[in-house]
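Colleague: Mind having a look at this structure? Questions to follow.
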Amino acid sequence: MRKYFILPLLMLICMVPFISAQAASSTEITSVRTATRNDANTPFVRTVLDISGKVNPRLFIDKTGRYVTVTLPNTKIAKGVDTECSSNRNVVSDITLTQRSSGTDINFKVPHAVTKDDLKVFTLPGTDNAKSASRVVIDINDKSGKIKQWRHWDDDKIGIASTTKDKNNQLKQSAVSNAATIPSYAGSQSYNLTKGLKGKVICVDPGHGGTDSGAIGAKSQEKNITLAISKRVASLLTNAGATVVMTRTTDVDVYAPNDGAVEELQARCNIANAAKADVFVCIHIDSFSTADAGGVTAYYNSKTPYDYGLAKYIHDQNMQATSFPDRGVQTANFYVLLHTNMPATLLELGFISNPAEEDALNTEAQQQNFAESIVKGLADYFDHNGN
Ligand SMILES: [Zn+2]
């Protein structure tokens, strides 16, 4: 009797690592590329990994600051992907991918010690070209001082409303777009934290637009709901005496039709940075693969001491303005949260994939409720001086 018990037990023990190894291998790294970017205030090397699923990157820097590791849990290196890459050796001596049972390590050896202030790690949606579900972006600043910053901008107002380009020009530019055509503004840190909405410069960013519809529901598209709510926010803020800068006011791409996510998102950051906005509020509608997921989230990244306060004050008011579930205030490495110079929040105001929430989001009543709650939250933020 005992023997018969042990055999299945042994089989089970043997199968557990097998099962977990199988699960870990479902998300693959399908390509790796690097580029030197001299368009930022500090030049940097960008490494981009295409991933077949969603991933939560983790960053480690060793004590010497000479070894940087980004871990991608539960990922596997796809067949044919080079596990060693070369890059600009002023910034990164070498890049190696190491397969571990728990995931993949991307190891960077750097010639000049770095701290976490020299690094940015964030995720972007995937690209159709690469057939990826998401991208992991790792930026490492140049500490050698050998990479010259490009200062000859022909186009330092990309995406800024006053410079309108005809569509052909935009398309052409998008086709040849490379890192060097995207400008960056100095980290001004001139944002205002005094009480009251009056006189504040508030950048409102309606998510998606134009060729990018965002998430699609049964009867509506994210880009239209974000714009409808944003316009209501803008008019309430204007009435309260604030100066509103919108990244778009119609159904358009901010940078160019069919552009890349980085160009598009940087164009939105440029508008806020150039306007020296006091805060940046980015409005999105969430989506999930099943209809039952729902609720409201506010995302922030603590790049300033005030990003959390901004997200929290607005989120608290948003939860008064809806019966959608509360998904809380969460930290995220979203591009616009990292590349704006002022406190920023990205709001996900319910799920377009949830039929009840989609219905509500398409009513003027819910759009107005959210617009009012966002403005109340902004007033709370300034009344507490961002704290
Ligand atoms: Zn969105």
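The values are calculated or read from the model by the stated rules, or taken from the named source; none is laboratory data. Remember, predicted model here, so these are calculated numbers, not experimental data. FYI the Cβ positions are ideal-geometry reconstructions off the backbone, even for glycines, and counts take in every protein chain you see. These area figures cover heavy atoms from the full protein model, side chains too; ligands, DNA and RNA do not enter into them. Shrake-Rupley method; radii C 1.70, N 1.55, O 1.52, S 1.80 Å.
Colleague: For region 241-343, what are Rg and Dmax over the alpha carbons, in angstrom?
Modeller: For region 241-343, the Cα-based Rg and Dmax read 14.7, 42 Å.
Colleague: Here is a further query. If you add up the charges near residue 66, with Lys and Arg at +1 and Asp and Glu at -1, over every other residue whose beta carbon is less than 11 angstrom from its beta carbon, what do you get?
Modeller: +2
Colleague: Once the convex hull of the C-alpha atoms of region 167-383 is built, how many Å³ does it hold per residue, rounded to a whole number?
Modeller: Each residue corresponds to 113 Å³ of Cα convex hull volume.
Colleague: Now for a different question. Tell me the carbon and sulfur percent of the accessible area for region 167-383, rounded to whole percent, probe radius 1.4 Å. Before the final figure, lay out the partial values.
Modeller: Working: 4150 of 8270 Å².
The C+S portion of the solvent-accessible surface of region 167-383 is 50 percent.
Colleague: With every protein chain left in place, what is the accessible area per residue of region 167-383 in square angstrom, probe 1.4 Å? Intermediate results must be reported in sequence, preceding the final value.
Modeller: Working: 8270 Å² over 217 residues.
Using a 1.4 Å probe on heavy atoms only, each residue of region 167-383 averages 38 Å².
Colleague: While we're here: Once the other residues with Cβ under 13 Å from the Cβ of residue 219 are scored (Lys, Arg +1; Asp, Glu -1), what is the net sum?
Modeller: Values: positive: none; negative: 222, 357, 358, 359.
Local charge sum for residue 219: -4.
Colleague: Using 19 Å as the Cα-Cα cut-off, could you pick out the over-long pairs in 109/143; 276/303; 200/223; 63/143; 54/109; 76/303? Working shown, then result.
Modeller: On the way: 109/143 13 Å; 276/303 16 Å; 200/223 26 Å; 63/143 17 Å; 54/109 26 Å; 76/303 31 Å.
200/223; 54/109; 76/303, as the Cα separations exceed 19 Å there.
Colleague: Would you mind estimating how fast region 26-141 diffuses translationally, via Stokes-Einstein at 20 °C and 1.002 mPa s with the Kirkwood radius over Cα pairs, in µm²/s? Numbers along the way, then the final one.
Modeller: Working: Rh = 14.1 Å.
Estimated diffusion coefficient is 151 µm²/s.
Colleague: If you don't mind, another one. If you take the Cα atoms of region 297-387, find Rg, then find the Kirkwood Rh from the mean of 1/r over all pairs, what is Rg/Rh?
Modeller: Ratio value, two decimals: 0.99.
Colleague: Taking Rh as the Kirkwood radius computed over C-alpha pairs, what is the Stokes-Einstein D of region 301-346 at 37 °C in a medium of viscosity 0.692 mPa s, expressed in µm² per second?
Modeller: Numbers: Rh = 11.2 Å.
Answer, rounded: 294 µm²/s.
Colleague: What accessible area per residue, rounded to a whole number of Å², is obtained for region 26-141 using a probe radius of 1.4 Å? Don't skip to the answer; put the middle values down first.
Modeller: Numbers: 5690 Å² over 116 residues.
Counting only protein heavy atoms, the per-residue value for region 26-141 is 49 Å².
Colleague: Here's a follow-up. Using a 1.4 Å probe on the protein heavy atoms, what percent of the accessible area of region 26-141 belongs to carbon and sulfur?
Modeller: Details: 2550 of 5690 Å².
C and S atoms contribute 45 percent here.
Colleague: With a sphere of radius 13 Å drawn around the Cβ of residue 81, what net charge do the other residues whose Cβ falls strictly inside it have (Lys, Arg +1; Asp, Glu -1)?
Modeller: Net charge in that neighbourhood comes out at -1.
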